[in-house]
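For reference, the structure is listed below as structure tokens.
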Amino acid sequence: MDRFCPSERLEYLQGLVTEFQDTDSEEAKEQILANLANFAYDPRNMEALRMLQVIELFLDMLTEENENFVEFGIGGLCNLSMDRECRDQIVESGGIPLVTGCLSSHRDETVLSSITTLMNLTTAASHSQTTDSGVVQCMLRFSLTQNPRLSNLATVYLQDYCTQGQVEEARKHLQGHSQTAVGIPLPKD
């Protein structure tokens, strides 16, 4: 999209959003969501994507039964959440519980994007939500998995976003339960 001026960029992205809304084909919707998630990676697209309410579209995808919709939705939010205005909009739209819900996915990419998105959404104001006890317990479990990508990212989350007290409290809670943390299974490797 380097060849587009801002108005052409907006027009192109508007076309994708309209096509997503107009099509009944799940396969086409998946392709469009994947494209929008990729465009969300480019900072030059942030303003247009905010204007087109793509954040809300991605948030809506997080509760869909189609796992590809969820994966592309959380991937798009992960990319958008690097932008401060997008991050604030995700938080204000009630996105943290939706993102946290994606931690229970059996898909590695969905879980990795969820963790990264939670990292990006963590501010002084949102810290209590992004590091509540269920999330910390989940990160402790993920840090113990054999999957190095998941284990490493969860370990960084615990070290950089949680207090030692939160981690110790979660560890105590998990020692008393052999079940999964907050019912969240580990993704399949």
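The values are calculated or read from the model by the stated rules, or taken from the named source; none is laboratory data. Since the structure is predicted, the reported quantities are computational estimates derived from the model, not experimental observations. Every residue, glycine among them, receives a Cβ derived from its backbone with ideal geometry; neighbour counts consider all protein chains shown.
Matching residues to (1) closer than 15 Å to Val99 by Cα; (2) basic (Lys, Arg); (3) in contact with a Phe, Trp or Tyr (Cβ under 7 Å, 6 or more places away or on another chain); (4) in a loop (DSSP other than H, G, I, E, B):
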{"site": "Ser7", "(1), (2), (3), (4)": "no, no, no, no"}
{"site": "Leu10", "(1), (2), (3), (4)": "no, no, no, no"}
{"site": "Val17", "(1), (2), (3), (4)": "no, no, no, no"}
{"site": "Leu33", "(1), (2), (3), (4)": "no, no, yes, no"}
{"site": "Thr63", "(1), (2), (3), (4)": "yes, no, no, yes"}
{"site": "Gly73", "(1), (2), (3), (4)": "yes, no, yes, no"}
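Restricting segment 1-57 to residues that are among the hydrophobic types (A, V, I, L, M, F, W, C) and surrounded by fewer than 13 Cβ atoms within 10 Å (Cβ to Cβ) leaves a set whose member that is modelled with the lowest pLDDT is Met1. Scanning segment 109-149 for residues that are farther than 21 Å from Arg87 by Cβ and under 14 Å from the mean Cα position of the chain (by Cα) yields nothing.
Determine, yes or no, whether Met139 is surrounded by fewer than 21 Cβ atoms within 10 Å (Cβ to Cβ) and touching a Phe, Trp or Tyr at 6+ places or on another chain (Cβ under 9 Å). Quick ask: steps written out before the conclusion?
Values: surrounded by fewer than 21 Cβ atoms within 10 Å (Cβ to Cβ): no; touching a Phe, Trp or Tyr at 6+ places or on another chain (Cβ under 9 Å): yes.
No; evaluated as a whole, the condition is false for this residue.
When residues in segment 143-155 are screened for being outside any loop (DSSP other than H, G, I, E, B) and either of a type in the set (Lys, Arg) or touching a residue at least 12 places away in the same chain (Cβ under 8 Å) (or both), 6 of them pass. Condition first: aromatic (Phe, Trp, Tyr) and either in the same structural domain as Ala40 (by TED's automatic domain parsing) or modelled with pLDDT under 95 (or both). Can you find one or more residues in segment 64-71 that meet it? Yes, segment 64-71 contains a residue that is aromatic (Phe, Trp, Tyr) and either in the same structural domain as Ala40 (by TED's automatic domain parsing) or modelled with pLDDT under 95 (or both).
Please specify each residue of segment 123-136 satisfying the condition of being of a type in the set (Ser, Thr, Tyr) and surrounded by 22 or more Cβ atoms within 10 Å (Cβ to Cβ). Break it down stepwise before answering.
Applying the first criterion (of a type in the set (Ser, Thr, Tyr)) to segment 123-136 yields 123, 126, 128, 130-131, 133.
If the condition is that a residue be of a type in the set (Ser, Thr, Tyr) and surrounded by 22 or more Cβ atoms within 10 Å (Cβ to Cβ), then Thr130 is the only one that fits.
The condition of being farther than 20 Å from Gly73 by Cα and either touching a Ser or Thr at 6+ places or on another chain (Cβ under 9 Å) or not assigned by TED's automatic domain parsing to the domain that holds Leu59 (or both) does not hold for Leu121.
Answer yes or no: is there a residue in segment 41-54 that is in a helix (DSSP H, G or I), aromatic (Phe, Trp, Tyr) and out of contact with any Lys or Arg (no Cβ under 6 Å at 6 or more places or on another chain). Steps first, answer last, please.
Pass one, segment 41-54, residues in a helix (DSSP H, G or I): 43-51, 54.
Cutting the leftovers down to aromatic (Phe, Trp, Tyr) gives us none.
Checked segment 41-54: no residue is in a helix (DSSP H, G or I), aromatic (Phe, Trp, Tyr) and out of contact with any Lys or Arg (no Cβ under 6 Å at 6 or more places or on another chain).
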